[in-house]
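So the structure is just underneath, and the comments pick up after that.
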Amino acid sequence: MTGPSTQKTGPDTPTNGTATDTPATATEESGPSRPPEGTEAGRPLDTYRQVLAATGRLLPLVSFLGRLPVAVIQFGSVLLVTRTSGSLATGGTVACALALGQVALGPLVGRLADRHGQRPVVLVASLLNALAIAAYTLGALQHLATPLLVMLAVLAGATVPGIGPLARARGVALVRRAGGGERTVDAVLSLESTADEVSFVLGPALIGVAAVLAHPAYAFGAAALLVAVCGTWFALHPTATAVPRADRPAEAARARGARPRMPRQVHLVRLGLVLLGVLLGGLGAGITALTQELGAEDQAGLVYAAMGVMSAVVGLSMAAVPVRFALPLRWRVATAGAALLSLPLIATHTLPLLYVFVMLFGALFAPNLITAFALTERAVPRARLAEGMTVAASAFVGGQAVTLAAAGRLAQTYGPAAAFTVGSVAAALAFLVALRVRTLSHDLPEIDGTTPELDPSYRATM
């Protein structure tokens, strides 16, 4: 953006009078101004305009491209290793190892980002991840022994830069400092969840195209290049300084012998996310098994895509949900709906019905994830926001990865209904967890009482 601007001073707005300290400024040339303090746009489109005014139009695209490699390597590992080793079991084992590597060290990325800032952490992790993906791909092509391949897969998963969770933390920080309220924060989380959904539709599609035209390894090469370029871009983007570092508060906390503690509600939400991961893993295994049983293996990816597209569309519409529809109640409704809509899948034996029920289920899955991340954002201490988001994402990925492997074996022995049943039971348990969740708001002022200064070049990215 160019030109002078004026802005009301709010609780999250710096008062030094410099334009470069403000992530979103209002001018006639730069687009819509944010509403007066204490109000928010009532229409979803207006709310998303507020989000883009705070983040800039380029950041969502960069963060989307930066997280796409995760979807490629997660979904493509089974195909790559099965193609190179000739063993589906080996492919499943290696893919599970990759996911567990991500789950094990994903929270560390968030903790380091809270302590040292997103820029150095994402920059190093992105470059390491690009090298790890390349090494893993070469190892598969060279037919390395399974234990060595498992180690390389763990390394590829462990170095994932966590751009999705960190983008959530960054977006929330930007709209908070721009004066956005709960509806705008929810819109950020809806936008990020939609980006996840689209990436997990596009990732398998890229793998499938590469496998048909040449070899899955080409998609992995593209993933390595993409994480190196877009991960670096995300790290060096001027908004990387928007999330306040926790180094000074951490030192004070150590002096008192304690760090900011995670409230009990956060752990309940994480448990719910594990169960939602189990639900999606069970459905994934059931979809794969049923399409194989029907002799339509090539339809599995299209079924996933149909669910993902429906979930993404509903996810974007979540910005229209009234703020008075409290998050705990919203999560109870979403988990109950997911549990009910997963039941017909157990008795599904035809491809048309599979499409119908999966799309209906997809309409309620996005609200589950978006609400869970919103509850996490409300509850975690400001000094541990990035860590809280990465742990939440790891909880979901871990539940999905382990269940996908275990339920896949279950489906081979007892049929698709067994895998779908695992998912339905997990959904019912997630509803019970949601019944115990209450809203817990963190203190809105930043962790050291000041708003971190943005990179002066930020205005040029708007």
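Throughout, read-outs are computed from the coordinates displayed, never taken from laboratory work. Every value quoted in this text rests on a predicted model; they were computed, and no experiment measured them. We place every Cβ from the backbone using ideal geometry, glycine too, and count neighbours over all the protein chains shown.
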Rg and Dmax of the stretch 58-247, Cα atoms, in Å? 16.9, 56
Computed FRET value (nearest 0.05) for residue 356 with residue 296, which takes r as the C-beta separation and R₀ as 25 Å: 0.95
Taking N as the number of residues in the stretch 262-443, the ratio of its alpha carbon radius of gyration to 2.2 N^0.38 Å works out to 1.03
How would you rank 431, 365, going from fewest to most other Cβ atoms within 10 Å of each one's own Cβ? 431, 365
On full extension of the chain, what length is gained from residue 413 through residue 261, given 0.36 nm per residue of separation minus the C-alpha to C-alpha distance? 50.3 nm
Mind checking which of 107, 72, 153 is farthest towards the positive end of the stretch 58-247's charge dipole, using Cβ charges of +1 (Lys, Arg) and -1 (Asp, Glu) about the Cα centre? 107
Excluding residue 198 itself, calculate the net charge of residues whose Cβ lies under 12 Å from the Cβ of residue 198, where each Lys or Arg counts +1 and each Asp or Glu counts -1. -2
Could you calculate the FRET efficiency of residue 83 with residue 43 from 1/(1 + (r/R0)^6), where r is the beta carbon distance between them and R0 is 60 Å, rounded to 0.05? 0.80
In debye to the nearest 20, how big a dipole does the stretch 262-443 give about its Cα centre with +1 on each Lys and Arg Cβ and -1 on each Asp and Glu Cβ? 820
What is the gain in length, in nm to one decimal, between residue 116 and residue 218 on full extension, counting 0.36 nm per residue of separation less the C-alpha to C-alpha distance? 33.3 nm
Testing the spin-label approximation: label points 7 Å from Cα along Cα→Cβ at residue 104 and residue 329. State their distance in nm. 4.4
Tell me, in nm to one decimal, what length is gained between residue 317 and residue 209 on full extension, where the rule is 0.36 nm per residue of separation less the Cα-Cα distance? 35.8 nm
When you count, for each residue, the other Cβ atoms within 10 Å and take the mean per peptide, how do 277-283, 303-309 rank with the highest first? 277-283, 303-309
Report, in cubic angstrom per residue, the convex hull volume of the C-alpha atoms of the stretch 282-327. 71
Centre separation in Å (Cα based) which lies between the stretch 354-371 and the stretch 382-440: 14
